[in-house]
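Nothing in this text is a laboratory measurement; each read-out follows from the coordinates by a stated rule. Since the model is a prediction, treat every value here as computed from it, not as a measurement. Glycine gets a Cβ as well: all are built from the backbone with ideal geometry, and neighbour counts include every protein chain shown.
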Amino acid sequence: MKVLNSIFEVPRTGAPLWKRIILVEIGLIICGLAFAIMLRALIGLDPWDAFHQGLSIITGISIGTVVVIVGFLVLLLWIPLKQKLGIGTIMNAITIGIAINVFYAVIPPAPSYLIGIVYFIVGILINGLGISMYVGGGLGPGPRDGLMTGLVKRTGKPLWIVRTAIEVVVLVLGWAFGGSIGLGTVLYAFTIGPVVHVMLPWFNLDKVREPEDYEGH
């Protein structure tokens with residue numbers, strides 16, 4: 001435990017670590033399933049996943065692998081921001097991308113735009129569940145969420161400004177690289193917050209306040 005404390009930010013009170021790790025890992029796998037479903041919906045993606053998809057298109061690397069690579073590259077940006085890792089941060093960087101690759105390979109594309117909307121709504125609900133389990137476990141933010149909170153601390157700018165700036169940049173890059181922007185992009189922006197608001201209390205081990213960002217990455 002001393003070694004873990006020297007490297008990671010580890011909760012010292014409340015639920016045992018093993019319970020947190022299990023909850024977080026299940027939540028991350030569920031998030032991977034949700035993102036795979038939304039990818040197969042073919043109606044647009046949230047900014048980060050449009051960015052991941054665009055990189056996958058131009059590099060030929062599977063999107064789940066891109067998610068893992070981008071996650072670790074973003075973690076390098078934590079160094080000048082002096083952000084401390086959580087155990088869940090590393091789990092996040094690895095698990096979601098692997099899960100996306102597994103589920104994406106077995107989920108068929110939506111056969112029509114209407115079915116795509118159904119896919120996407122189901123994906124949002126599943127993603128809300130996964131995010132609530134991950135956040136509720138209290139083992140640290142995902143790489144992309146931590147970048148946002150680190151920039152808020154370093155710049156002193158309001159969270160909404162930093163979040164908006166990051167998401168506009170990745171959305172524009174995703175679009176430029178060929179990532180999918182559309183109805184799904186809008187649906188995700190307006191619905192993921194309320195979904196997590198409902199589900200987070202079910203799994204919130206530390207009764208922490210709601211996070212400001214719901215990307216799950």
**OP:** Give the Kirkwood hydrodynamic radius (Å, one decimal) of segment 128-189, defined as one over the mean of 1/r across all pairs of different Cα atoms.
**Re:** 13.4
Subject >> Alpha carbon Rg of segment 89-168, scaled by the compact-globule rule 2.2 N^0.38 Å >> reply: 1.37
Original post:
Any idea what angle helix 143-155 forms with the longest principal axis of the chain, computed on alpha-carbon atoms, 0 to 90 degrees, nearest 10?
Top reply: 60
Subject >> Neighbour cut-off at most 16 other Cβ (10 Å), DSSP loop, trypsin sites (Lys or Arg not before Pro), segment 66-164 >> reply: LYS82, LYS84
Subject >> Residue exposure sequence - TRP18, TRP48 - by fewest surrounding Cβ within 10 Å >> reply: TRP18, TRP48
**OP:** Please find, in a Gaussian network model of the chain (springs between Cα atoms separated by less than 10 Å), the residue of LEU183, LEU39, LEU55 whose mean-square fluctuation is greatest.
**Re:** LEU183
Original post:
In the Gaussian network model of the chain, springs joining C-alpha atoms below 10 Å, which of GLY116, GLY54, GLY156 carries the largest mean-square fluctuation?
Top reply: GLY156
Original post:
Thinking of segment 17-203 as a set of Cα atoms, what percent of all their pairs are more than 20 Å apart?
Top reply: 54
Original post:
Of ALA41, ALA110, ALA15, which is the most mobile in a GNM of the chain whose springs link Cα atoms less than 10 angstrom apart?
Top reply: ALA15
